[in-house]
Amino acid sequence: MLFSALLIVIFHLWIPVSIPQSQAYEFEAFLKRICYIGVDIFFFLSAYSYASKERKFKDFILNRFKKIYIPFVVFSVVMLIYSSWDISRFLLTVSGVNLFIRGGGSFLWFIPAIMIVYLILPLYDRLYRKNSILAPVIAFIVYFAVAATVTNLTNYTSIFIMLNRFPIIIIGHLLAKKKVFENLSDKKTLALGLLFFIAGFAILYLTRNTFYSFIREFYYVVSIPLSMGCMMLISLVKPNRFIDSLGELTLEMYGLQMIFGGKIATAMFRLISIKLLSNIATIVIVIALSFIVHILFNKVGEIKWQKA
């Protein structure tokens, strides 16, 4: 989760340190651009986590509502005040409608998207239990049919930022059910992780200027091998309290960097003027602020639910 959150922060806030127009600059820009896989990793982990345990639908949705949707509404209220939104934009955002209108341009689009996934996963899980072979096959066929139809018959693009994440969600669910990672030794995980990482990185680099006309924004699907490689390699890092604590800040990091991140990055660069150091300072400040907000959310949540 921490790795995923850091990639998203880098994607949005990293100031290139290389000399403009140089090959190094182009390569750095490519590295920054593919940090969108932080979102793919989060989608994968969400599906994997859900499929790893038996869950009651009502309890699961209520928990996700409290943990994810309520903070999303709080962040939206901050934007309503801080960025002088009109009330219609606020309502379109918190209702999730803006996700379908503006796609990635919608404020914190990922949260309405993941809430939709959480509503769909139990239904898919039920289908998987009935037939574990047909379920993923049907899911992939439906995905490709919908994506290809929308691509060829409309000019609509906003939905693809979510729709093209469905393959990695299906994969995450499948691998959890098959307990693939649990059955791999560290050596096999390392070998497969390196294989996926190198192959995935090469595929994205070689196709970086490719236009996928049959399904729009197909690079989200093409990036699955790199996402898988990164997750497998990161899984080899032994967990500790510090990393686990930072991993709990994912939602806060996502929200705060979208609200204040740009101004923090600009202020740090003006103050420090050394791009690499200002980038590091920006990340540290976002993490520190996220830690504070995380504590506040937990404290308020404890008081609210205890009273209830």
At q = 0.12, 0.17, 0.21, 0.22 1/Å the base-10 log of I(q)/I(0) from the Debye formula over the alpha-carbon atoms of region 176-308 is -0.80, -1.13, -1.12, -1.13
Expected max-MSF residue from ALA135, ALA47, ALA113 in the GNM of the chain (alpha carbon, under 10 Å) is ALA135
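Accessible area per residue for region 188-266 in Å², computed with a 1.4 Å probe and the full protein assembly in place, what is it?
Working: 4210 Å² over 79 residues.
Roughly 53 Å² per residue, with all protein chains present.
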Comparing PHE197, PHE107, PHE60 in a Gaussian network model of the chain (Cα, 10 Å), the one with the largest mean-square fluctuation is PHE60
Accessible area per residue, 1.4 Å probe, Å², for region 51-108: what's the number?
-> 58 Å²
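Starting from the residue with the highest accessible area, list MET79, MET258 in decreasing order, probe 1.4 Å.
On the way: MET79 20, MET258 70 Å².
Greatest to least solvent exposure: MET258, MET79.
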Could you please tell me the mean projected area of the C-alpha convex hull for region 46-160, averaged over all directions and given in square nanometres to one decimal?
-> 8.4 nm²
If each of VAL78 and ILE234 carries a label point 7 Å out from its Cα toward its Cβ, how far apart are those two points in nm?
-> 2.2 nm
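With N set to the number of residues, divide the alpha-carbon radius of gyration of the chain by 2.2 N^0.38 Å and report two decimals.
Computed over Cα atoms of the chain, the ratio equals 1.03.
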Percent of accessible area on the chain owned by carbon and sulfur, 1.4 Å probe?
-> 69 percent
Go ahead and set up a Gaussian network model of the chain, Cα springs under 10 Å, then flag whichever of GLU248, GLU182, GLU217 fluctuates most.
-> GLU182
Starting from the Cα gyration tensor of region 109-265, take the square roots of the eigenvalues, sort them a ≥ b ≥ c, and report rounded, prolate or oblate (rounded when a/c is under 1.5, otherwise prolate if a/b is larger than b/c, else oblate).
-> rounded
Hey, how many Å between the Cα centroid of region 26-54 and the Cα centroid of region 251-291?
-> 21 Å
Distance between region 138-160 and region 198-239 - C-alpha centres, whole angstrom = 20 Å
Mind grabbing the accessible area of TRP14 for me, 1.4 Å probe, Å², rounded to tens?
-> 60 Å²
Report, in debye and to the nearest 20, how large the dipole of the chain comes out about its Cα centre when Lys and Arg carry +1 and Asp and Glu carry -1 on their Cβ.
-> 660 debye
In this model, which of LYS179/LYS238; LYS53/LYS179; LYS58/LYS299; LYS32/LYS178 are farther than 22 Å apart at the alpha-carbon?
-> LYS58/LYS299; LYS32/LYS178
Residue (of SER213, PRO239, LEU194) at the positive-pole extreme of region 188-255, dipole from beta-carbon charges = LEU194
Quick one: grab Rg to one decimal and Dmax as a whole number for region 244-299, Cα atoms only, in Å.
-> 11.8, 38
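The values are calculated or read from the model by the stated rules, or taken from the named source; none is laboratory data. The structure displayed is predicted, hence computed values, not measured ones. When we count neighbours, we look across all protein chains shown, and the Cβ atoms used for this are built from the backbone with ideal geometry, even at glycine. The area values use the complete protein model at the heavy-atom level, side chains included, leaving out ligands, DNA and RNA. Shrake-Rupley method; radii C 1.70, N 1.55, O 1.52, S 1.80 Å.
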